[in-house]
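First up is the structure itself, then whatever we jot down about it.
The values are calculated or read from the model by the stated rules, or taken from the named source; none is laboratory data. Since the model is a prediction, treat every value here as computed from it, not as a measurement. Here the Cβ positions follow ideal geometry from the backbone for every residue, glycine too, while neighbour counts run over all protein chains shown.
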C-alpha cells in the first residue's frame, strides 16, 4: 500500500512538473531569460577552453590586413585607389592562393577626393602651366577601376562582398549579378527560416562583372552585441544567397548542390557529401573559435602591395582581405575578446568547414527525452532525500550539469543546453520541495509537538529528518527501558493533602525527567508516581545502556535532593526504585490517528518494569538485567544479585544491582563494595550449584560482616529452606509469583 502511494505521488509530481515546465517555457520572457543564461554559459565555456588551450597560429587561412602600419605607409584608407586592391589580389593569386575574398564593400566608383583634386590642380597648374579646367577634368575622370577589374578577372578566384542596406531606399527590383550564387527555395523539402535580404548593395558593375563570385558579408551579433553565430545563407526574392565565406567553401570543395534538413546543411560535389554544417532553426551555425584575435596568420596589406612577402607564401591558402585598424570600425566582440577583427570571424567559419570542426547540437527528439529523464530523475531524487539533502543535491547537480555540458563542448564539440536542462531540473525541484513542505511541515509539527517535551532538541531534530519512522504502528529496535517508582507512595499519599502531593510530584517529576532528557533519553510516560523512559528510541545511538544507567544513578541522587529540600516531613524519606533492561522491543506510535503515543511494548519492556518491582524484594534501589550489564563498560560498580523468572515466565534471567560509578564514589566505598561483591558472588555460586551447606555458611559469614545487606539475608533464609527441602532439577532460578 505504501509502495503504491509512493508510486502515485511520484507519477503525479512528474506530470505536474512536466506541465509547469513546458507551460512556462511558452511564455516569452521565460525563454528570453533562459536564452540569456545560455549565452552566458556559452561564453564561459569558451573562456575556460581558451584558458586551458595552448596558443596557436592557423596558417592555411591568411588575412591580408588593413592595419595601422598600412595606413601609415599608404595614407588615409578612403583615398586609396582601387588599383591597390587589384595589385594585392593579383600578387596573392600568382602565388597560388586557392580563393581570395574581400571583406570590403566596393559600391562607389574609384575617384579622387575633392580636396586632393584641388591640391593636385594647384600643383600641376604651377609646374606645368596647364589650363586649370582641363587639369580638373582629367583628374575627375581619373580612376583605377579598370586595373582592379582586370586583376579580378586574371585572378579567376576572387569573391567580392555585398551588403544589405536595410535603412536605405528599397532596391527590390535589383537584378541578380552574374557572380551571385542563388538556390531555388521551392525545390527544397525542408528550409530553415533564413534571414531576409531587404535592400542589397552590390559592388560597382565593372568590378562585379569581372569578379569570380559575389557573396554577402554579414555576421550579425546576438542581442547582447556578441558575435557567436555565422549566417550560412540569406533569403532574397525567394532564392537563397550565401555569405561570401560560404562561397569560398563552395569554390574550394567544388560544391555543385545543396541539401537542407532540420538541423543541418549538406554540401555535395558530384553527389558526394563533402561536409555537413550544423545549423539552428534560423540557418546559422555556431562559430567554434580557436582563440583570441590574431589566431590566424595576419599579413600587412602594405607588405603585400610592396611585395615584401614572397608570393609563394600564399600557395594553397585561402586569403581574406579585411581590416583590423581601429579607425575602420570592423572590430567585433566574441565570448572572450572585445576587439576581434571582423575578417577573422569569416576565417573562423572557413577553418571550421575545412576541418569539419563545427559545434553540433543534439537532435530535438533527444533533447525532449533528456528533458523528460531529468524531470523523472529529479522527482525520484528530491522526493527520496531529506529536504536539507535535496537542497544540497540541487546545487551539486547544477554544478555537475555545467561540468557535463562543458565536457560535451570541449571534448566532443557538442553544444548541450545547460539553461534548458537546468530549468527543467529547477522547476521539478521547486515543485517537489513545495509539495514536500506542504505535506511534511504538518507532520513535522505533529512530531515536534509530540516529542519536544519528552526528548532533547537534538533528538527531535533527528526525528524531523526521518519522519517516515514515526508512522502509526511500530518497528523492532534494540532499546533500553527504564522504570522508576517511589517506595510506599500509596501510604504516603494518604498522609498529605492533594495540594502538597501535587506540588511535590511536580518538582520530583520535573527534576528527574530533566536528568533523563540530558542523557538523551525519551520520556515515555508518567504512571502516577512512576516514570517510564526509553533510551535508543526513537533515534538509536551508541551507549544507550550506559546513558540509561547514568540517568538512574543521577535520578537516585536527584530524588534524594528533592526529598531533603521539601518542608513536609513525610517527603523527607522518599526512596526511588529503578529497573533497567536492554533488548528488542516494538517501539512506535501505539496510539491512534487522533492521539499520538510513542512508546515501547514487549517482554523486554515488561522485564524492566518487573526489575523495578524486584527492588522491594531484594532491598536494592537499582536493578539491571544481564543484557544491560553486558552493554556497559568497567566504569560502574555492579554486583550480581540472583537468577529470577519473573511473573508469567519460566526462564530465569540474571539480575544485577547497579550501585554507582567508580568516579563518583570514594576509595573507601569502592573497597567496601568490591569486598561485598566478592563475598556475595562466591556465596551465590554455591547457591546456583545447589551446594546448600556451603551457601549457608558463606551467606552467614557475609551477614556477620555486612548485617545490613538485605540481599545476603534474603538468600541466606532461602538457602536454609531449600536445604531442608531440596528442589528437583535445580537450575538456580527462583520463580516470582508476584510483581
**Report entry** Selection within region 222-244 - surrounded by 14 or more Cβ atoms within 10 Å (Cβ to Cβ) and part of a loop (DSSP other than H, G, I, E, B)
**Finding:** 222, 226, 227, 228, 232, 237
Report task. State whether one or more residues within region 358-381 are touching a strand residue (DSSP E or B) at 6+ places or on another chain (Cβ under 8 Å), exposed (fewer than 14 other Cβ atoms within 10 Å of the Cβ) and closer than 30 Å to residue 66 by Cα. Result -> no
Report task. Give 570, 508 a once-over and let me know the one that is more than 24 Å from residue 664 (Cβ to Cβ), in contact with a helix residue (DSSP H, G or I) (Cβ under 8 Å, 6 or more places away or on another chain) and surrounded by 15 or more Cβ atoms within 10 Å (Cβ to Cβ). Result -> 570
**Report entry** Within region 1-74, helices (runs of 4 or more DSSP H) holding 1 or more residues that are in contact (Cβ under 8 Å) with a residue 24 or more places away in the chain and outside the structural domain of residue 97 (by TED's automatic domain parsing)
**Finding:** 2-25, 28-52
Report task. Could you list all residues from region 298-311 that are in contact with a helix residue (DSSP H, G or I) (Cβ under 9 Å, 6 or more places away or on another chain) and surrounded by fewer than 19 Cβ atoms within 10 Å (Cβ to Cβ)? Result -> 303, 306, 307, 308, 309, 311
Query raised in the report: What do you reckon, is residue 490 within 23 Å of residue 619 (Cβ to Cβ), loosely packed, with under 13 Cβ neighbours inside 10 Å and without any contact (Cβ under 8 Å) to a residue 24 or more places away in the chain?
Result: yes
Report task. Could you please give the count of residues in region 656-687 that are outside any helix (DSSP H, G or I) and in contact (Cβ under 8 Å) with a residue 24 or more places away in the chain? Result -> 7
Query raised in the report: If a residue has to be closer than 21 Å to residue 605 by Cβ, surrounded by fewer than 17 Cβ atoms within 10 Å (Cβ to Cβ) and in contact with a helix residue (DSSP H, G or I) (Cβ under 8 Å, 6 or more places away or on another chain) to count, how many in region 618-647 make the cut?
Result: 1
Requested in this report: Can you tell me which residue within region 245-257, out of those that are outside any helix (DSSP H, G or I) and out of contact with any helix residue (DSSP H, G or I) (no Cβ under 9 Å at 6 or more places or on another chain), is nearest to residue 157 (Cα to Cα)?
Outcome: 254
Query raised in the report: Among the residues of region 67-84, which ones are closer than 22 Å to residue 208 by Cα and touching a strand residue (DSSP E or B) at 6+ places or on another chain (Cβ under 7 Å)?
Result: 77
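Matching residues to (1) outside the structural domain of residue 350 (by TED's automatic domain parsing); (2) free of Cβ contacts under 8 Å to residues at least 60 places away in the same chain; (3) under 30 Å from residue 82 (Cα atoms):
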| residue | (1), (2), (3) |
| --- | --- |
| 191 | no, no, no |
| 198 | no, yes, yes |
| 207 | no, no, yes |
| 237 | no, no, no |
| 251 | no, no, yes |
| 257 | no, yes, no |
| 267 | no, yes, no |
| 270 | no, yes, no |
Query raised in the report: Does region 504-515 contain at least one residue that is more than 56 Å from the chain's Cα centre (by Cα) and at negative phi?
Result: yes
Query raised in the report: For residues in region 643-653 being over 55 Å from the mean Cα position of the chain (by Cα) and part of a strand (DSSP E or B), which is modelled with the lowest pLDDT?
Result: 645
Requested in this report: Kindly provide the set of residues from region 59-80 that are within 18 Å of residue 292 (Cα to Cα) and either at pLDDT below 90 or surrounded by fewer than 18 Cβ atoms within 10 Å (Cβ to Cβ) (or both), ordered by number.
Outcome: 59, 60
Query - Failed item, numbered, when residue 397 is tested on (1) in the same structural domain as residue 439 (by TED's automatic domain parsing); (2) surrounded by fewer than 19 Cβ atoms within 10 Å (Cβ to Cβ) - result: (2)
Report task. Among the residues of region 515-543, count how many are without any contact (Cβ under 8 Å) to a residue 40 or more places away in the chain and either in a loop (DSSP other than H, G, I, E, B) or within 17 Å of residue 554 (Cα to Cα) (or both). Result -> 6
Query raised in the report: If residue 532 satisfies every condition in (1) at pLDDT 90 or above; (2) under 42 Å from the mean Cα position of the chain (by Cα); (3) over 19 Å from residue 636 (Cβ atoms) but one, which is the exception?
Result: (2)
Query raised in the report: Considering 684, 716, which residue is closer than 27 Å to residue 581 by Cα, surrounded by 12 or more Cβ atoms within 10 Å (Cβ to Cβ) and in contact with a strand residue (DSSP E or B) (Cβ under 8 Å, 6 or more places away or on another chain)?
Result: 684
Query - Every residue from region 33-49 that is out of contact with any helix residue (DSSP H, G or I) (no Cβ under 7 Å at 6 or more places or on another chain) and either crowded, with 18+ Cβ neighbours inside 10 Å or farther than 22 Å from residue 285 by Cβ (or both) - result: 33, 42, 46
Query raised in the report: So which of 577, 557 is modelled with pLDDT of 85 or more, surrounded by fewer than 20 Cβ atoms within 10 Å (Cβ to Cβ) and outside any loop (DSSP other than H, G, I, E, B)?
Result: 557
Query - Residues located in region 298-345, provided they are under 47 Å from the mean Cα position of the chain (by Cα), under 21 Å from residue 80 (Cα atoms) and without any contact (Cβ under 8 Å) to a residue 12 or more places away in the chain - result: 329, 331
